[in-house]
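Each remark here refers to the structure printed beneath this line.
The values are calculated or read from the model by the stated rules, or taken from the named source; none is laboratory data. Since we're looking at a predicted model, the values are computed, not measured. No Cβ is skipped: glycine too gets one built from the backbone with ideal geometry, and neighbour counts run over all protein chains shown. In case anyone asks, the SASA skips ligands and DNA or RNA and just uses the protein heavy atoms, side chains included. Shrake-Rupley method; radii C 1.70, N 1.55, O 1.52, S 1.80 Å.
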Amino acid sequence: MNRAGYLKQLETDLARWAANGWIGTEGLAKIRAEIGEAPSGWSRLPALFAGIGTICLALAVAAFVAANWEVIPRAVKLVGIAALLLAAHGFAAAMAARGLRAVADLATMFATLVFVSGLALVGQIYHLPSDWPGGALLVACGALAAAWLCGSRASLVAAAVASLAWLWWIGDPPRPTWAQVAIALALLLACLLHVARMTSFAGRWSVLLLFAGIYGWLFAAWLDTNYLLSSSDMEFSILPMGTAFGALLAVWGYVLSGAEHGAAEHGAAEHLVAGRRADLMALAQSASGFGILVLVGTVVLTLVIGFTETASDEVAIEIPHVWPLHLTLAVMLAGLAWQGVSSPGSRPLRAVAAAAVLAAASPFVLIFLPGDTVLLAALTLAALVAVSAAGSAASLSAWSFAGNFGLAVALLFLLYETVGSLLGQSVFFFVAGLLLVAVAIISARRLRKRAAATGEGGR
C-alpha cells in the first residue's frame with residue numbers, strides 16, 4: 001500500500017479505535033503528531049527543485065567549458081575540473097558534518113556530474129579513442145564510489161543509469177563474455193546493497209530497471225547462443241520471459257513486503273533496525289509495483305502480437321528446453337508456496353497467485369496454440385481482471401491501477417480487431433460482460449462478509 005492509501009486507512013482506523021475506547025485522547029494525539037512529522041509529497045518538492053537546479057548547474061559548467069574550448073588552456077581545464085571535484089566533495093563533507101544530509105547529497109551529485117563531464121573533456125583534450133562502453137563503465141564505477149563513500153542517493157541513480165548505458169553499448173549483439181557478466185552482476189549487487197542501505201524512490205526504480213536490463217540481456221544472450229532462431233521467433237521466445245520476470249518481482253515483492261512488515265512489528269525496539277527494515281520493505285513494495293507493470297505490459301503485448309503474427313513450430317519445440325525461463329517460473333512459484341505455508345488461508349494470496357499464474361500462462365497459449373485468438377483473448381482478460389482483483393484484495397493500489405488500465409487497453413484493442421464482424425463482436429463482449437459482472441458480484445459478496453466479520457470483531 002502506498003503512503004497516501006495507508007494514511008487514509010489509518011485515519012479511518014484511528015477514528016474507529018477512538019470511538020470504541022481502545023485509544024485514549026493522549027495516545028491519539030501522539031500518533032497523529034508522529035504521522036505529521038513524516039515527510040509528505042509537498043515537503044519533498046524543495047528537494048526535487050534543488051536536485052533539478054544542481055543538474056542545471058553542472059550542465060552550465062560543462063557548456064561554459066565547451067563554449068570557451070579554444071580560449072581556456074589545457075592545464076586550466078584539468079586543474080579546474082579537479083578543483084571543482086575537490087570543492088564539491090569538501091562542501092558535501094562539511095554539510096554532512098553539520099547534519100545537513102540532503103545538501104550533502106546534492107553536492108555529491110554535483111561532483112558526480114562534474115566527474116562525468118570531466119571524463120568527456122579529458123578525452124577530447126588528449127584525443128582519446130571513443131570507447132563509449134568503457135566510458136560508461138568508468139562513470140558507473142566513479143558514481144558508485146561517490147554513492148558508497150559519501151552516502152549519496154543521487155549518485156546511486158547516476159551509477160545505475162551509467163550501468164544501463166554500458167549494457168546498451170555492449171549488448172548488440174548480446175554475446176557477453178564471462179568477464180562482462182561478472183561486471184554486470186557486481187554493478188547490480190553494489191547498487192542493490194546501497195539502495196537497501198539508503199533507499200529512495202528514484203534509487204529503487206533505477207536499480208529495478210538495471211535488474212530488468214541485466215536479466216533481459218542475459219536471457220537474450222542465452223537464446224542467441226543456444227538456438228539459431230529468427231528475429232521473429234526470438235520475439236515470441238522473449239514474451240514468456242517478460243511475464244515470468246514480472247510475476248517473479250510481483251510475487252516476491254508482495255511476499256517480502258509482508259514479511260518485512262511483520263518483522264518490523266515484532267522488532268521495533270531498535271529505531272535503526274526498524275528504519276532499515278522499513279527501507280527493505282519500501283524496496284520490496286517498489287519491486288512489486290515494477291513487476292506488475294512489466295507483467296501487465298507483456299500480457300497486453302502478447303495479445304496484440306497474437307492477433308497480428310503467428311508463432312512458428314520451432315518456437316514451440318525449443319521452449320521446453322529453455323531452462324532459464326523454467327527457473328524463473330520455479331522461483332516465482334516458490335515465493336507463492338512460501339507465503340502459502342507462512343499464511344495459510346490468505347485470501348489476498350489466492351488472488352495474487354491467480355494473477356501471476358494466469359498472466360504467466362498467456363504467452364504459452366500464443367506459442368503452443370497459434371491462431372487461437374479467442375482463447376488468448378479470454379486468458380488475457382482473465383489475467384488482467386485477476387491482477388486488478390489481487391490489488392483490491394491485498395490493498396495494492398498500483399496493482400489495481402495497472403490491471404484496470406491494461407484491461408481498458410485490451411478491450412479497446414479487441415474492439416478494434418473485431419469491429420469487422422458484428423456478430424463476433426457481440427458474442428465476445430457479451431461473454432466479457434458476463435465475466436466482469438460475475439467477478440463484481442463475487443467480490444461484493446466477499447467484501448460484505450469481510451465487513452460483517454470486522455464489525456463483529458470490533459464489537
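A few comments on the model shown:
- Selection status of Ala278, buried (at least 22 other Cβ atoms within 10 Å of the Cβ), under 18 Å from the mean Cα position of the chain (by Cα) and modelled with pLDDT of 60 or more: no
- Ser117 modelled with pLDDT of 75 or more, of a type in the set (S, T, N, Q) and not in a loop (DSSP other than H, G, I, E, B): no
- Search result, residues across the stretch 320-335 that are under 16 Å from Gly216 (Cα atoms) and touching a residue at least 12 places away in the same chain (Cβ under 8 Å): Val322, Pro324, Leu325, Thr328, Leu329
- Selection count, the stretch 362-381, where residues are of a type in the set (A, V, I, L, M), surrounded by fewer than 19 Cβ atoms within 10 Å (Cβ to Cβ) and touching a helix residue (DSSP H, G or I) at 6+ places or on another chain (Cβ under 7 Å): 2
- Of the criteria (1) in a helix (DSSP H, G or I); (2) open to solvent by less than 80 Å² (accessible area, probe 1.4 Å); (3) modelled with pLDDT of 65 or more; (4) aliphatic (A, V, I, L, M), which one Ile52 fails: (2)
Residue-wise test of (1) farther than 16 Å from Gly242 by Cα; (2) modelled with pLDDT of 85 or more; (3) hydrophobic (A, V, I, L, M, F, W, C); (4) in contact with a strand residue (DSSP E or B) (Cβ under 8 Å, 6 or more places away or on another chain).
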position	(1), (2), (3), (4)
Leu358	no, yes, yes, no
Pro363	no, yes, no, no
Pro370	yes, no, no, no
Ala383	no, yes, yes, no
Ala386	yes, yes, yes, no
Ser392	yes, no, no, no
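- So Val294, is it open to solvent by 10 Å² or more (accessible area, probe 1.4 Å), within 17 Å of Ala386 (Cα to Cα) and at pLDDT 90 or above: yes
- Filter result for Trp169 (in a helix (DSSP H, G or I), of a type outside the set (D, E, K, R), in contact with a Phe, Trp or Tyr (Cβ under 7 Å, 6 or more places away or on another chain) and touching a residue at least 12 places away in the same chain (Cβ under 8 Å)): yes
A quick yes/no check of all residues on (1) modelled with pLDDT of 90 or more; (2) out of contact with any His (no Cβ under 6 Å at 6 or more places or on another chain); (3) more than 27 Å from Leu329 (Cβ to Cβ):
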residue	(1), (2), (3)
Arg175	no, yes, no
Phe211	yes, yes, no
Leu223	no, yes, no
Leu228	no, yes, no
Ala244	yes, yes, no
Ala264	no, yes, yes
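- Qualifying residue in the stretch 207-227 (condition: of a type in the set (D, E, K, R), farther than 30 Å from Arg350 by Cα and in a helix (DSSP H, G or I)): yes
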